[in-house]
1. Among the residues of the stretch 110-117, is there at least one that is open to solvent by 20 Å² or more (accessible area, probe 1.4 Å), at negative phi, polar (S, T, N, Q) and not in a helix (DSSP H, G or I)?
2. Looking only at the stretch 185-228, how many residues end up being of a type in the set (Phe, Trp, Tyr) and open to solvent by 30 Å² or more (accessible area, probe 1.4 Å)?
3. Return the pairs, sorted by first residue and then second, in which the second residue is open to solvent by less than 50 Å² (accessible area, probe 1.4 Å) and among the charged types (D, E, K, R), the first residue lies in the stretch 43-59 and is closer than 13 Å to TYR105 by Cβ, the beta carbons are less than 9 Å apart, and the residues are 6+ apart or on different chains.
Amino acid sequence: MNKRQAIDKITASYLNLQTPRENRGNIIAFFIIFLDIMGLLPILGEPFSFQFFWPAIIPVGLLHLWAILYIVAPYKFEQSYYLFFGIYSVVNTYIYFLVIQKLLYVNIGVESQIPFLVGLLLLICLLVFFQYFNIKMLYSGNYAKLQKNGSKSKMNLSPFLTASSIGYVIAQILMASFMTDSIFNIIIISGVSIMSILTAFFSISIHRFFFIKKNQEAVRKVYPEFGLPKKHRKNQ
């Protein structure tokens, strides 16, 4: 507590960091469940299409190679983990976009380019929205208020987040409804859209990385061993 009192409230509210061990667990869980099973598997499934395979497999493959650093040496690469996790979240959201597009163009047989352009615009807006929301929350002091007041503040923020998230899902459902009358496909697209909101939210980790890099002195006050290899840490 005394360490946090030595820095300003806004900075302290943004430095609730996980341990390197928790970071490694996050990568394993998120990659297996959200990226590989829920994202890449539908791309590889029938009906198979190279048109969607290559745009998916290249970024996913590179991401898996990069992830090795944080599995093998999570303590040493503790700082860059936040950049990695943010980029992972962007890629995962992009993969969900491809899953929806594959359903529309391969499974349903849509020929118009409009669903692709609208879906791409929605994807960009979703990612930009969470970056803006995160920065606004941080510098307005709302993160500090959330941590101080707990569930009461969360209740006040929920309508804004809920409305934005529901808007994205409804847009995807309406677009799918115009293209097919298959309830099954509409349900799948709805589910993938909901998962996109979750992964897009975690993309705010990119901003956290640059914030940590900019505020190294404050980070050291709260986490003196931050970024050190495991063998150089007293508290593991």
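1. yes
2. Going through the stretch 185-228 one residue at a time, the tally reaches 4.
3. From the stretch 43-59, the pairs are ILE43/LYS102; PRO47/LYS102; SER49/LYS102; GLN51/LYS102; PHE52/LYS102.
Listed here are the residues, each with its yes/no results for (1) aromatic (Phe, Trp, Tyr); (2) at pLDDT 90 or above; (3) under 30 Å from LEU41 (Cβ atoms); (4) under 22 Å from the mean Cα position of the chain (by Cα).
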{"site": "GLY150", "(1), (2), (3), (4)": "no, no, no, no"}
{"site": "ILE166", "(1), (2), (3), (4)": "no, no, yes, yes"}
{"site": "VAL169", "(1), (2), (3), (4)": "no, no, yes, yes"}
{"site": "SER177", "(1), (2), (3), (4)": "no, no, yes, no"}
{"site": "THR199", "(1), (2), (3), (4)": "no, yes, yes, yes"}
{"site": "LYS214", "(1), (2), (3), (4)": "no, yes, no, yes"}
{"site": "ALA218", "(1), (2), (3), (4)": "no, yes, no, no"}
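The values are calculated or read from the model by the stated rules, or taken from the named source; none is laboratory data. Computed from a prediction, not measured in an experiment: that's the story for all the values here. Because the Cβ atoms are built from the backbone with ideal geometry, glycine has one as well, and the counts that use them run over all protein chains shown. In case anyone asks, the SASA skips ligands and DNA or RNA and just uses the protein heavy atoms, side chains included. Shrake-Rupley method; radii C 1.70, N 1.55, O 1.52, S 1.80 Å.
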